[in-house]
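To start, the structure itself, in structure tokens.
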Ligand SMILES: C[S@@+](CC[C@H](N)C(=O)[O-])C[C@H]1O[C@@H](n2cnc3c(N)ncnc32)[C@H](O)[C@@H]1O
């Protein structure tokens with residue numbers, strides 16, 4: 001507990017603005033409270049509680065727990081967090097809980113505004129990696145994918161919202177004529193494909209084209225191949241491959257990477273390898289984090305603290321753990337553009353899409369005549 005002696009009090013008062021310190025203390029308390037709420041958003045998402053509650057009228061904790069097939073004591077404690085966080089409405093006389101439609105609109109799996117509870121999962125994910133990261137601060141070393149439980153599941157849910165949901169209406173139309181080419185039949189490669197949600201969606205829509213996905217992690221590749229099998233897709237394959245050894249030539253008409261360059265061992269070498277692997281008329285579609293390389297430009301960037309935190313806890317140590325330079329999540333669109341230019345890509349175009357303000361999309365052509 002804090003104590004002050006009368007003798008030192010006048011000096012301490014002169015050292016800082018007490019009012020500003022009290023305001024900051026309140027802000028710090030809010031940060032900690034919101035952090036705890038984020039963990040509970042993640043729990044509600046993973047257990048399907050938001051989806052269930054969105055379909056219910058006001059009900060008791062027992063009724064909600066029964067319908068969810070969960071233990072009432074835990075559901076009641078979770079509901080208390082939701083009520084004190086002003087997420088769920090509580091009728092104290094009836095002891096009933098209700099998730100209003102206006103809150104369900106960003107917390108459920110079919111949420112109209114996008115499901116923000118998906119992003120809340122990154123908070124407990126970072127917590128799970130804390131001990132590894134403490135050691136990284138001391139040693140300067142890195143981490144491996146196995147240090148992050150459920151990483152690929154969370155990433156694929158993120159990708160489903162930022163990529164798959166807009167792939168055919170917004171993203172692919174950024175490349176002139178690609179829809180026609182995909183219908184006729186071309187070769188497509190996705191780098192760092194994760195669980196393959198984007199590529200399987202494309203393979204289903206364009207049966208004449210051939211799709212390949214590469215990823216370092218066997219767990220992700222197994223899940224991707226399983227998804228392709230479930231959807232009975234014959235024009236797609238996923239392989240475990242370390243892109244640090246990527247060395248193909250004139251193979252693909254379209255190469256994509258969705259949030260998969262900045263945390264590589266050697267992003268610059270990879271971008272050069274992508275240029276080499278494209279056919280002459282080929283095009284590279286890169287989605288990556290859209291922050292600036294300069295901290296001062298990111299002060300108002302959407303969810304900048306979250307992105308820097310993910311950088312510190314995941315993207316930087318994952319790259320360093322592969323022997324890489326650890327550019328971090330906020331490597332900056334300027335860095336990405338410079339890499340594309342130094343790999344001799346042409347007609348490089350940069351887009352920021354309204355549904356996805358955190359990311360930047362680059363369309364780059366191997367040859368000058370395109371775009
Ligand atoms: C941020 S995740 C994005 C995954 C996926 N594209 C998506 O949007 O859901 C980055 C992916 O790159 C993969 N990756 C990282 N380093 C790699 C490497 N050296 N070779 C191949 N894949 C790698 C990871 O396993 C991970 O699936």
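No lab work stands behind these numbers, since they all come straight from the coordinates. Here the structure is a predicted model, which is why all the values come from computation and not from measurement. Every residue, glycine as well, gets a Cβ built from its backbone with ideal geometry; the counts of neighbours run over all protein chains shown.
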Gyration tensor verdict on the chain (Cα atoms; rounded if a/c is under 1.5, prolate if a/b is larger than b/c, oblate otherwise)
oblate
Per DSSP helix of 4 or more residues, -39500 (n - 2.57); summed, then divided by the residues of the chain. What does that give at 222 nm, rounded to the nearest 500?
-12500 deg cm²/dmol
Ordered by fewest other Cβ atoms within 10 Å, a rough proxy for footprinting exposure, 252, 308 read 308, 252
Given 0.36 nm per residue, what is the gain on full extension from residue 347 to residue 60 after removing their alpha carbon distance, in nm?
97.4 nm
With a Förster radius of 35 Å, plug the Cβ-Cβ distance of residue 205 and residue 338 into 1/(1 + (r/R0)^6) and report the FRET value to the nearest 0.05.
0.55
Taking the Cα centre of each part, how many Å lie between the stretch 204-221 and the stretch 276-292?
17 Å
Shape descriptors of the stretch 289-371 over alpha-carbon atoms, Rg and Dmax in angstrom, are 14.1, 42
Once you place label points 7 Å from the Cα toward the Cβ at residue 251 and residue 134, how far apart are they in nm?
4.3 nm
Cα Rg, Dmax (largest Cα-Cα span) when computed across the stretch 9-117, Å:
18.4, 61
Förster radius 45 Å - calculated FRET efficiency between residue 179 and residue 144 (Cβ-Cβ, nearest 0.05)
0.70
Residue-span extension gain [residue 15 to residue 294] - 0.36 nm each, minus C-alpha spacing:
97.2 nm
Compute the length gained on full extension between residue 92 and residue 229: take 0.36 nm times their separation in residues and subtract their Cα-Cα distance, giving the result in nm to one decimal.
44.3 nm
Kirkwood-Stokes translational diffusion coefficient of the stretch 104-173, alpha-carbon pairs, 10 °C, 1.306 mPa s, µm²/s:
113 µm²/s
Exposure-ranked with fewest Cβ neighbours within 10 Å first, 46, 231 stand as 231, 46
For the chain, the longest principal axis of the Cα atoms and the Cα long axis of helix 130-139 enclose an angle in degrees, to the nearest 10, of 70 degrees
Whole-Å semi-axes of the stretch 78-232's equivalent ellipsoid, largest first, each the root of 5 times a Cα gyration tensor eigenvalue?
35, 26, 13
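What does the C-alpha gyration tensor say about the overall shape of the stretch 157-245? Classify as rounded when a/c is under 1.5, otherwise prolate if a/b is larger than b/c, or oblate.
Prolate shape, in that a/c is at least 1.5 and a/b is the bigger ratio.
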Could you put 134, 174 in order, starting from the residue whose Cβ has the fewest other Cβ atoms within 10 Å?
134, 174
For helix 151-162, report the angle its Cα long axis makes with the longest principal axis of the Cα atoms of the chain; keep it between 0 and 90° and round to the nearest 10°.
80 degrees
